[in-house]
Structures are given as structure tokens and as C-alpha cells.
Amino acid sequence: MIRSCGHFTSRLLFLFLMGSVLHIAACGGGGGSNGTTATVPPQGPFATAPYKIELFAGVPPAGATAPDDLAISADGMFLWVGYGNGVDTTGKGGPSTLVKYVISTGNVLRSISIQGHLDGLKINPVTNDIWATANEDGNPTLTIVNASSGGTQIFTLAPALLSGGMDDLVFTLTSPQQVFVVASSQTDITLPVIVQIPPKPLPTETQLTPTAFLPGNPATVVNVVTGAVETGAMIGDPDSMILNPSGDLVLNNRSDLSLYIVNPSVAGPVRRLPLTLNGAPVEVNDTIFTVSTFGVSSPAGTGAIFITDTTAGTIYVLTKSFFPPNLEAYTASPTANVVGLVNQQTGAVQTVANGFAGVNGLAFSPFAGHIATKHIPRFCGGC
């Protein structure tokens with residue numbers, strides 16, 4: 001909107017009408033020769049009390065763009081961020097960039113090139129090595145980064161169970177350890193959408209193990225909201241996945257705007273939690289719980305949620321005074337551009353932060369140590 005600031009006949013009248021000295025500054029200081037200036041809304045995102053949101057102070061290396069997935073070290077000291085760099089999601093071109101930040105200072109410790117389009121990102125709780133999957137729409141690969149040296153090893157996968165690409169992954173906290181991967185963009189819907197990969201993969205043609213608990217077309221699912229047994233479910237666009245505090249795999253399916261919940265160790269029904277925002281179905285990306293991926297929570301309720309805005313190229317930190325340990329779930333919607341608290345019985349998403357440009361990744365840290373942040377600049381355009 002263009003507002004004229006030069007045609008008011010009285011400064012006193014202007015003060016009376018506008019009710020704020022800030023509006024005088026917005027109109028008076030930066031106009032051109034014609035006395036007009038463009039006004040834009042203050043820059044987002046914004047958090048709803050009792051939440052607070054700030055920018056993470058880390059600055060990515062040159063060329064690292066489009067931050068997406070996040071992983072936080074077991075001790076809460078380091079943040080790993082995958083930058084997609086606009087790379088093709090079938091592996092044509094690249095590379096992506098994996099960056100290791102010191103959370104307390106924002107300093108970059110490592111910048112590592114990852115072949116293809118980096119998508120899934122998790123830290124192995126047994127070895128502390130970083131696992132990064134690439135190419136969610138075809139020609140998938142796995143890169144394992146040595147936590148100490150930063151050295152990388154690329155693994156290819158046998159194609160029998162992958163008719164598409166590979167997305168997120170999860171390490172169980174059981175012994176023996178299990179590793180589950182999302183088989184995304186499957187062209188054969190009868191194939192499982194979650195497959196198992198050995199904790200020590202082979203350099204080439206690693207064999208994947210099928211899982212029986214979640215094919216692309218499960219015979220029946222139980223709707224968590226209604227309790228009804230449903231047929232005809234199609235998991236056509238599986239994406240992010242996480243382990244909940246009960247040891248269940250929670251998979252986001254964007255084709256029916258739902259979370260699918262299955263236990264990899266105990267036979268039971270497939271549960272579907274349809275998600276809504278303000279009463280309407282909503283698409284989401286990452287979902288997290290108030291516990292680390294290492295199974296650590298804070299009895300004092302301390303913690304922080306790290307958020308990536310892929311479109312804006314920024315990382316944010318969302319905090320509040322108390323996160324109930326193991327209880328709360330949060331999700332990021334790239335279509336509504338909000339981060340919300342998920343009601344795990346009704347599927348309703350309550351907005352806690354909004355105004356993002358393209359929100360995607362979430363990661364929770366239970367640690368209350370210092371996090372390098374800075375205030376989000378709130379600009380009035382043209383002032």
C-alpha cells in the first residue's frame with residue numbers, strides 16, 4: 001500500500017488520527033521526492049505467548065542455501081543442518097551441503113559436500129555418526145559422516161524394494177539397534193513405505209529388509225480421532241518420520257494429510273491421525289516430540305525447538321519456559337507456514353508461531369544451555 005505523508009494539513013491532526021509516533025517515523029523519514037513511501041507488514045515470523053522466537057546466529061558457508069533437515073548431537077552442543085542448495089531431487093546434479101554449527105556460538109565447525117539432494121538427517125545414537133539420505137524422488141543414496149573426522153562414505157542400495165527414492169530415517173533405541181528408512185515416491189504401491197537398513201551397510205547394493213507393518217496400501221487402518229476401522233488408505237507421499245516416546249514410528253503422509261503410527265516391534269493396528277488447522281485439513285512436514293532423538297528429556301522442562309525456513313534460508317529457535325517432557329508434539333506446515341502444537345487425540349494443530357516463508361524442518365533439544373541467537377529484525381518497508 002502506498003501512503004501519502006505530505007498532504008496532512010496538521011501534524012497535530014496526524015498524531016491524533018494515527019495514535020503513534022512510530023507512524024510518523026514510518027511516513028516521514030524515507031519518502032522520495034514525491035513524499036510517498038511503500039509500507040509493508042513487519043517481518044515474520046511471530047510467536048504466540050508463552051513462546052518466544054529468535055534467529056539462530058549461525059551463518060551458513062557461501063553457497064549453502066535452502067536449509068531443511070536438522071539433527072542435534074547427544075550432548076546438545078552441536079547442530080547439523082542439511083542445505084539442499086536447490087539440487088534436483090532425483091540426484092541429477094549437486095552437491096548439497098551439510099553444516100555443523102556450535103550451538104552456543106553459531107560458529108561453523110564443518111562444511112561437508114553431500115552427493116545429490118540431501119533430505120533425511122539423523123545421528124546414530126550408538127556411533128554418533130551422521131546419516132544423510134539423498135534423492136527422495138529417485139536414485140537414492142546414503143552418506144555416513146564420521147562424527148570425529150568429518151570423513152564421508154557413500155552407500156548405494158539394492159533396488160528391489162525401492163521403486164522411487166528415499167527420504168527420512170529413524171534409529172530405534174532398542175538393542176539390537178534397528179534402522180528404518182522411508183521409501184518415498186514408490187511407483188509400486190504394494191511395496192512397503194518403511195524399509196529396514198542394516199546398521200552397518202555395505203558400500204554397494206546394500207540389501208534392504210521389507211517391513212510388513214506398513215505397505216503403501218494397508219488393508220485397514222484405525223482412525224485415531226473417530227476410532228473407526230478404515231479401508232482404502234493410500235500412503236502416496238510419505239515424507240518425514242520420527243520415533244515417539246512410546247517407541248512407535250510416526251510417519252507423515254502428505255497425500256492424505258495424516259500421521260501414520262506403527263510399532264515396529266509389537267504387532268498391532270496401523271493408526272492414522274488426520275491433521276487439521278483451524279478446522280481444515282493441513283499438510284505438514286517435520287513432526288517432533290519434546291524428547292531428543294536419543295531418548296533424553298529434561299525433568300525441568302527446559303528445551304528449544306530449532307526450525308528451518310527453507311524459502312527464507314534461515315534457522316529459528318523457538319522457546320518457552322516449560323516443555324512437558326515426552327508429552328508434547330509439534331509439527332511444521334509448509335503450506336500454512338506455521339509451527340503448531342499437535343493434539344494427539346484430535347489431530348488439531350494449534351499455531352504457536354506463524355509468518356514463515358517456507359517452514360520445513362524441526363528438531364528438539366532438551367538442553368537449557370546457551371544458544372546463540374539474535375533478534376528478528378522487524379522492518380517497515382521503505383522507512
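We did not get these values from a lab; they are worked out from the coordinates using the rules stated. Everything numeric in this text was worked out from a predicted model, so none of it was measured. Here the Cβ is made from the backbone with ideal geometry for all residues, glycine too, and neighbour counts use every protein chain on show.
Using the beta-carbon distance between THR156 and ASN263 and R0 = 25 Å, what value does 1/(1 + (r/R0)^6) give for FRET efficiency, to the nearest 0.05?
Given R0 = 25 Å and the Cβ-Cβ separation, E is 0.25.
Over the stretch 267-334, what per residue volume does the convex hull of the Cα atoms give, in whole Å³?
On the way: hull volume 9.8 nm³, N = 68.
Per-residue hull volume (Cα only) is 145 Å³.
Between beta-carbons, use under 12 Å as the cut-off and find the net charge around GLY358, counting Lys and Arg +1, Asp and Glu -1.
-2
Positive end of the charge dipole of the chain (Lys, Arg +1 and Asp, Glu -1 on Cβ, about the Cα centre): tell me which of PRO95, LEU243, VAL338 has its Cα farthest that way.
VAL338
Tally Lys and Arg at +1 and Asp and Glu at -1 over the other residues with C-beta under 11 Å from the C-beta of VAL222: what net charge comes out? Kindly include the intermediate steps, with their values, before the conclusion.
Working: positive: ARG271, ARG272; negative: GLU230.
Here the charged neighbours net out to +1.
Of PHE180, GLY82, THR190, which is farthest towards the positive pole of the stretch 46-374's charge dipole, taken about the Cα centre with +1 and -1 on the beta-carbons of Lys, Arg and Asp, Glu respectively?
GLY82
What FRET efficiency comes out for the pair THR209/THR335, r = Cβ-Cβ distance, R0 = 35 Å, nearest 0.05?
0.55
Here is the link list: LYS100/LYS374; LYS92/LYS374; LYS200/LYS374. Which ones come out longer than 29 Å on Cα distance?
Working: LYS100/LYS374 19 Å; LYS92/LYS374 37 Å; LYS200/LYS374 40 Å.
Over 29 Å apart, Cα to Cα: LYS92/LYS374; LYS200/LYS374.
Which number do you get for Rg(Cα) / (2.2 N^0.38 Å) in the chain?
Numbers: Rg = 22.8 Å, N = 383, 2.2 N^0.38 = 21.1 Å.
The chain yields a ratio of 1.08.
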